[in-house]
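The values are calculated or read from the model by the stated rules, or taken from the named source; none is laboratory data. Since the model is a prediction, treat every value here as computed from it, not as a measurement. Reconstructed Cβ throughout: ideal geometry from the backbone, glycine too, with neighbour counts over all protein chains shown. What goes into the accessible areas is simple: the full protein's heavy atoms, side chains included, and nothing from ligands, DNA or RNA. Shrake-Rupley method; radii C 1.70, N 1.55, O 1.52, S 1.80 Å.
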Amino acid sequence: MRFFIDDLPVIFPYDYVYPEQYQYMCGLKRSLDSKGHAMLEMPSGTGKTISLLSLIIAYQQFYPGRRKLVYCSRTVPEIDKALAELKRLMEYRQRQGCADENFIGLGLTSRKNLCVHPQVSTERKGAIVDARCREMTASWVRQKAQTVGNIELCDFFETLQTMETSELLPSGVYTLEDLTDYGKAHKMCPYYLSRRVIPMADVIIYSFHYMLDPKVAELV
């Protein structure tokens, strides 16, 4: 369905919008208009995620000068659920004739959740995955490998290094599974791919703890 909040056309992927959802979106638009902070609440199970995404995507696409949405969640399943909601919304907007060109939405998560290296991805502990990844991707290791022939590097990471940022990822919304499948198909590391694409992304969904990660904060 399509409705307006002030002059903003909002595309909502359901046949009915609850009063609580409409009020939530109105409050969210007021906070975006004022460029300030807001604390909004809705009862559990009333569709907060789709309300927030519908309003902010509409806002991004309608007003000039796109702003990046950084959406924080708690667990990996919650991150993937939000990405699935975003993907469904963007597919619905496309069916409604919206020209959302060059839109990218993706999630960030750990190496353990995204690694596609045949051996490293079989490790069960995240700390071991992190360590083995660094052993094959650290700059000093890669530099040493140029003169020493028996040093193992990650082919998925190496492929990524040969690509221009604009060539890395087509527009679209990528769940964590989508990102992993794309990495496998194109022989690229999904973990480092997601971080390379951050500057181009319109929506990024990740865990709260990434807010405190200075490397991620600098990219976002």
Determine which aspartates and glutamates satisfy two conditions relative to Lys144: a Cα distance under 15 Å, and not lying fewer than 8 residues away in the same chain. Glu135, Glu152, Glu158
Based on the mean of other beta carbon atoms within 10 Å per residue, what is the order of 54-63, 137-146, 70-79, most packed first? 54-63, 70-79, 137-146
Could you give the length gained by full extension between Asp100 and Ser166, i.e. 0.36 nm per residue of separation minus their alpha carbon distance, to one decimal place? 22.0 nm
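In Å², what does the accessible area per residue of the range 62-137 work out to with a 1.4 Å probe? Display every interim value, and only then the final one.
Working: 4310 Å² over 76 residues.
Roughly 57 Å² per residue, with all protein chains present.
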Taking Cα atoms, the helix 176-186 axis meets the longest principal axis of the chain at an angle in degrees (rounded to 10) of 50
Identify which of the listed values of semi-axes √(5λ) of the Cα gyration tensor in Å was calculated from the structure shown: [x] 37, 17, 15; [y] 41, 19, 13; [z] 29, 22, 16. [x]
Asp33: accessible area at probe 1.4 Å, nearest 10 Å²? 70
Which of the lysines could be linked to Lys35 by a straight reach, that is with a Cα gap under 21 Å, when you skip same-chain ones fewer than 8 residues away? Lys48, Lys68
From a point 7 Å beyond the Cα of Gln119 in the direction of its Cβ, which residues of the range 148-168 have a backbone N at a distance under 13 Å? 150-155
Taking a spot 7 Å from the Cα of Ser44 along the direction of its beta carbon, which residues of the range 12-34 have an amide N less than 20 Å from it? 20-21
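Calculated FRET efficiency, Thr75 and Phe4, Cβ-Cβ r, R0 35 Å, to nearest 0.05? Display every interim value, and only then the final one.
On the way: r = 35 Å, r/R0 = 1.00.
Computed FRET efficiency for Thr75 and Phe4: 0.50.
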Using θ = phi - 60° and Karplus 6.51 cos²θ - 1.76 cosθ + 1.60, couplings along the range 11-18 (whole Hz; Gly, Pro as x): 9, 10, x, 9, 7, 9, 10, 6
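For the range 149-220, report the accessible area per residue in Å² (1.4 Å probe, heavy atoms, rounded to an integer).
On the way: 3790 Å² over 72 residues.
It amounts to 53 Å² per residue over the range 149-220.
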Rounded Å value of the spacing that divides the Cα centres of the range 1-67 and the range 161-220: 26
